[in-house]
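Engineer: Structure below; questions to follow.
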Amino acid sequence: MKGFFKAKGINGAINIVTSISFITCFMTLLPFFLPSRLVSNNIFYTVINIFIAIMWLIISVGIYKKIQIYAWLSIFFYIVNQCAIIIDTGYTRFNLLWPFGIYFFCCTVVAVRLSSRERKEGISLEYRLRKDAFKLFIAMTLVFGAGVFISMKINDYLVQNLWGEYVKAIEVEREKSKLPIKIDNNVTLMNFYIEDKSLVMEYDTKNLKTLNATEWYDKTKSDFKRFCWVNVIQVNGFQVIYRFTQGYEKREFKYNVLDCRN
């Protein structure tokens, strides 16, 4: 009877950790199907990282070979998703912790394989763990590094084409606009144009000293938010400058991609 409950308890534990691994694998697939706005925040990926860490811990402690397929699929889907983010946005969530995470993953995978051989052959293969894990670590790092490098090159190519199209679109829009446009009794939009890698919105003011800086900071930042969902925001160095002038005096509000995250 005790053996029955013990076996039942072990099977229950295996089912639980297998479910956790399956959920982790499923969560790494979600970014491919959910809208980008829902998965663009750091909280979503923090939760995924926690689940991946738990799964790796389960593999290393429990040595459950059945879960390896979920581990491989999870890391594969996660890396593919990160490469897709690089192609789409030009930046990545990779950091210095990734090499340690990849090495830990390699150790757990190799440990599972060697543990199985050790039980079958009755000999200790502990000496091979570091050697095989290091080889796997090098291979995975090269593959993932190549994926990141290729993704960045693809993004650079797409961004260059995008910038050329955006410059032409601004010129067409400026020709169609009926400038100047009066905003209020003190501010008038006189022009907008491309200056280096910046879009300049140029306003003329009757009295620059009476311009309410707090009010116009809120207005310009609110207006800038519309660029956060336009692909041109990916262009390296792109910013929007709201320039208020009166004669030779001027006041500017500048925003770039970092302001989209605030």
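Engineer: Once amide H atoms are placed 1.01 Å from N in the peptide plane, what residues at a sequence separation of 5 or more from residue 183, or on another chain, have their amide H within under 5 Å of its amide H?
Structural biologist: 188, 189
Engineer: Highest mean first, how do 249-257, 211-219 rank when packing is the count of other Cβ atoms within 10 Å averaged over residues?
Structural biologist: Answer by packing, highest mean first, reads 249-257, 211-219.
Engineer: Would you mind calculating the gained length between residue 258 and residue 157 on full extension (0.36 nm times residue separation, minus the Cα-Cα distance), in nm to one decimal?
Structural biologist: Full extension from residue 258 to residue 157 adds 34.2 nm.
Engineer: Could you name the aspartates and glutamates in cross-link range of residue 182, using Cα to Cα under 14 Å and dropping any fewer than eight places away on the same chain?
Structural biologist: In chain and number order, the partners are 202, 204.
Engineer: Hey, rough spin-label estimate for residue 229 and residue 176, points 7 angstrom out along Cα→Cβ, what's it come to in nanometres?
Structural biologist: Label-label distance for residue 229 and residue 176, simple model: 1.9 nm.
Engineer: Would you be so kind as to identify which of 199, 257, 238 lies farthest towards the positive end of the dipole of the range 177-261, taking Lys and Arg as +1 and Asp and Glu as -1 on Cβ and the Cα centre as origin?
Structural biologist: Of the options given, the answer is 257.
Engineer: Grab the Cα-Cα distance for residue 165 and residue 143, subtract it from 0.36 nm times how many residues apart they are, and report the gain in nm with one decimal.
Structural biologist: 4.6 nm
Engineer: Test of understanding: what is the full-extension gain from residue 185 to residue 248, defined as 0.36 nm times their sequence separation minus their Cα-Cα distance?
Structural biologist: 20.7 nm
Engineer: Rounded, prolate or oblate for the range 177-261? Axes are the square roots of the Cα gyration tensor eigenvalues, ordered a ≥ b ≥ c, and the cut-off for rounded is a/c under 1.5.
Structural biologist: prolate
Engineer: Step through the residues of the range 238-248 one at a time and calculate ³J(HN,Hα) from phi using the Karplus curve (6.51 cos²θ - 1.76 cosθ + 1.60, θ = phi - 60°), rounding each to whole Hz and writing x for Gly and Pro.
Structural biologist: Ordered by residue, 3J(HN,Hα) equals 5, 8, 10, 10, 9, 10, 10, 10, 8, x, 8 Hz.
Every read-out reported here was derived from the displayed coordinates using simple, explicitly stated rules and does not represent laboratory data. Every value quoted in this text rests on a predicted model; they were computed, and no experiment measured them. Cβ coordinates were reconstructed from backbone atoms using ideal geometry, including for glycine residues, and neighbour counts include every protein chain displayed.
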